[in-house]
1. Only one residue in A:T248, A:T233 is polar (S, T, N, Q), open to solvent by 30 Å² or more (accessible area, probe 1.4 Å), touching a residue at least 24 places away in the same chain (Cβ under 8 Å) and under 16 Å from A:A291 (Cβ atoms). Which one?
2. Could you look through region A:383-405, keep only residues that are aliphatic (A, V, I, L, M) and in a helix (DSSP H, G or I), and pick out the one that is nearest to RNA strand B (Cβ to nearest atom)?
3. Within the set of pairs 6+ apart or on separate chains, which have a first residue in region A:404-417 that is free of Cβ contacts under 8 Å to residues at least 40 places away in the same chain, a second that is assigned to a loop (DSSP other than H, G, I, E, B) and surrounded by 11 or more Cβ atoms within 10 Å (Cβ to Cβ), and C-beta atoms under 6 Å apart?
4. Taking the condition of being at pLDDT 90 or above and either open to solvent by 70 Å² or more (accessible area, probe 1.4 Å) or assigned to a loop (DSSP other than H, G, I, E, B) (or both), how many residues in region A:355-382 meet it?
5. For A:P344, all conditions in the list (1) away from RNA strand B (no atom under 16 Å from the Cβ); (2) assigned by TED's automatic domain parsing to the domain that holds A:T132; (3) modelled with pLDDT under 95 hold save one; what is the number of the exception?
6. Here's a check for you: in region A:157-216, which residue that is in a loop (DSSP other than H, G, I, E, B), away from RNA strand B (no atom under 16 Å from the Cβ) and of a type outside the set (A, V, I, L, M, F, W, C) is farthest from A:R354 (Cα to Cα)?
7. Considering region A:454-489 alone, what residues qualify as being farther than 30 Å from A:A396 by Cβ and part of a helix (DSSP H, G or I)?
Amino acid sequence: MSRLVPRIVKGFKDAPAASLHARRRMIETVRGVYESFGFEALETPAVEYVETLGKFLPESDQPDAGIFALQDGDEQWIALRYDLTAPLSRYVAQNIATLPLPFRRYQTGSVFRNEKPGPGRFREFTQFDVDTVGSASMVADAENCAVLARSLEALGLGGQVRIAVNNRKILDGVLERAGIAQGTLEAVTTLRAIDKFDKFGPEGVKLLLTTGRKDESGDFTKGAGLDAKAADTILAFMAAGQASRLATCDALGDAVRGSARGEEGVAELREIADLLSAMNLADETVAFDPAIVRGLGYYTGPVLEAQVTFEIKDEDGRTRQFGSVAGGGRYDGLVGRFLDRELPATGVSIGVDRLLSALDAAGRLDTGAAQGPVLVVVFDRAQMAEYVRIAEELRAANIPAEIFLGTGGMKPQLKYADRKGSPVAIIAGGDEFAAGTVSIKNLVLGAQVAATATTNEDFKAEAKAKAQVTVARSQMAATVRTMLADIAT
RNA sequence: GCCACCUUAGCUCAGUUGGUUAGAGCAUCGGUUUGUGGAACCGAGGGUCCCCCGUUCGAGCCGGGGAGGUGGUACCA
């Protein structure tokens with residue numbers, strides 16, 4: 001019979017203890033900020049009916065590629081959620097009679113995308129969202145910026161992030177000025193080209209706006225087919241960002257003059273600019289950036305993206321931009337799908353895994369590897385009840401303790417303690433039991449002794465002399481506690 | 001989806017023009033050392049050379065097809 005090969009599903013990953021520790025600390029910090037703005041907790045299921053997610057090919061009885069979908073017993077299509085926003089809109093619509101409106105909630109959880117994974121891109125990843133449903137006020141959008149800025153600050157990234165804000169209405173206005181009709185393929189391609197600015201620079205975007213662009217691998221991306229004049233209008237617009245938010249508003253106002261929709265977008269940004277100043281958010285922290293587009297699906301107003309400003313070196317030693325760790329915007333049409341009226345909404349989503357690796361790159365990751373438990377070495381199996389009592393005594397003193405449950409003698413047990421990161425081992429055999437004592441070994445100190453010892457005998461003798469004490473059973477918990485305190489400093 | 005590259009031990013890799021029994025380092029396990037982690041030394045286990053078909057007296061190596069992976073690109077709610 002052929003042996004089963006253990007393999008993890010492509011694009012998914014396991015999370016060992018060390019990474020979970022850092023992640024929990026991060027989520028707790030962000031949650032504190034979210035709650036300080038009045039957002040409340042919500043959890044929704046990992047699956048929804050596909051029509052809730054809003055992806056169903058009209059020409060096909062199969063849900064769109066890109067989501068993980070299956071048919072349940074009633075032949076209804078259900079799918080793993082691909083973001084937390086669509087489930088939120090379902091929840092609000094379903095409970096609108098009793099919810100406080102505007103409804104402000106935070107939520108974290110895994111989302112799933114059935115697509116080809118890339119470097120740093122997985123098919124399951126964690127988002128941490130805040131959204132405000134039922135308010136058209138620009139204060140909600142300004143608070144999106146603030147909540148992100150405060151969260152990133154609280155994580156130690158103050159001064160190393162830039163929150164870039166734009167408004168879809170302004171983009172629409174510029175397209176109008178360039179003579180591109182809304183909703184056409186030309187318009188969509190143009191917006192995508194603008195979104196590629198940070199990746200390909202002005203030359204690349206110009207190619208994408210006009211004839212198309214061929215990448216290094218030889219793949220060709222079709223251009224928007226604009227004439228040179230229209231392309232220049234777009235490029236000039238993208239460069240309109242100024243040092244201050246108000247100056248950028250002035251420049252954008254010029255760029256969209258005559259387009260009612262564009263001017264409305266600029267007016268919204270001006271309102272947001274006032275609010276940001278009132279919240280003491282500097283021009284460098286939250287900036288207006290005409291090249292921000294975000295997804296084409298559902299954003300209707302202000303959009304934003306949080307970017308880490310430092311560069312990182314990749315494996316090939318090249319420096320590159322870290323890129324964005326959070327994004328969001330206003331989506332006034334999404335909840336209305338379930339109601340007979342429109343319900344305005346806006347929110348942001350932190351990419352938890354991206355942000356964790358950004359913190360790692362910035363050296364701000366809380367790696368404080370959780371200290372392992374005290375290991376109770378099992379010497380004499382006939383005395384198991386006594387080892388259980390030892391462990392219970394330690395736990396009663398609030399010291400995490402574990403009894404070795406494997407097989408083998410002292411050597412494998414201490415090795416196990418090593419791998420587990422145990423700071424201390426309790427050793428009790430015939431001698432100790434007869435004398436009513438336990439031996440307590442400081443494994444951290446022992447490891448230091450090992451580094452200097454030359455022969456095996458030296459090591460053993462020295463480690464025993466320096467890193468081990470034998471005390472009366474009644475003194476055990478207190479001695480361990482002192483030893484743990486020593487190790488911690 | 002499209003393009004390029006890659007696949008040999010648990011991991012990282014070497015393997016000559018196509019030639020006998022496919023190697024190394026690390027890791028693992030055992031011993032030196034029955035109650036003390038590391039180092040050192042000695043020893044051991046571990047292989048469908050990704051799969052199938054073809055060429056050949058002979059294929060890890062050459063050809064065709066497939067699968068899986070990596071990177072780029074497209075899409076990204």
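The values are calculated or read from the model by the stated rules, or taken from the named source; none is laboratory data. Only a predicted model underlies this, so the values are computations on that prediction, with no experimental measurement involved. A quick note on method: Cβ atoms are made from the backbone with ideal geometry, for glycine too, and the neighbour counts reach across all protein chains shown. The accessibility values were calculated without ligands, DNA or RNA, using every heavy atom of the protein model including side chains. Shrake-Rupley method; radii C 1.70, N 1.55, O 1.52, S 1.80 Å.
1. Values: A:T248 fails: open to solvent by 30 Å² or more (accessible area, probe 1.4 Å).
Only one candidate passes the filter, namely A:T233.
2. Of the residues in region A:383-405, the ones aliphatic (A, V, I, L, M) are A:384-385, A:388, A:390-391, A:394, A:396-397, A:399, A:401, A:403, A:405.
The next check asks that each one be in a helix (DSSP H, G or I); those that pass are A:384-385, A:388, A:390-391, A:394, A:396.
Numbers: A:M384: 16, A:A385: 17, A:V388: 18, A:I390: 14, A:A391: 17, A:L394: 18, A:A396: 24 Å.
So, considering only residues that are aliphatic (A, V, I, L, M) and in a helix (DSSP H, G or I), the one nearest to RNA strand B (Cβ to nearest atom) is A:I390.
3. Short answer, once both residue conditions are applied: A:Q413/A:F404.
4. Count: 1.
5. (3)
6. Restricting to residues being in a loop (DSSP other than H, G, I, E, B), away from RNA strand B (no atom under 16 Å from the Cβ) and of a type outside the set (A, V, I, L, M, F, W, C), the top hit is A:G179.
7. Of region A:454-489, the ones farther than 30 Å from A:A396 by Cβ are A:454-462, A:465.
Result: A:N456, A:E457, A:D458, A:F459, A:K460, A:A461, A:E462, A:A465.
Every residue, every condition in (1) in contact (Cβ under 8 Å) with a residue 24 or more places away in the chain; (2) part of a loop (DSSP other than H, G, I, E, B); (3) buried (at least 21 other Cβ atoms within 10 Å of the Cβ), yes or no:
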| position | (1), (2), (3) |
| --- | --- |
| A:G253 | no, no, no |
| A:R261 | yes, no, no |
| A:V266 | yes, no, yes |
| A:E271 | yes, no, no |
| A:L276 | yes, no, yes |
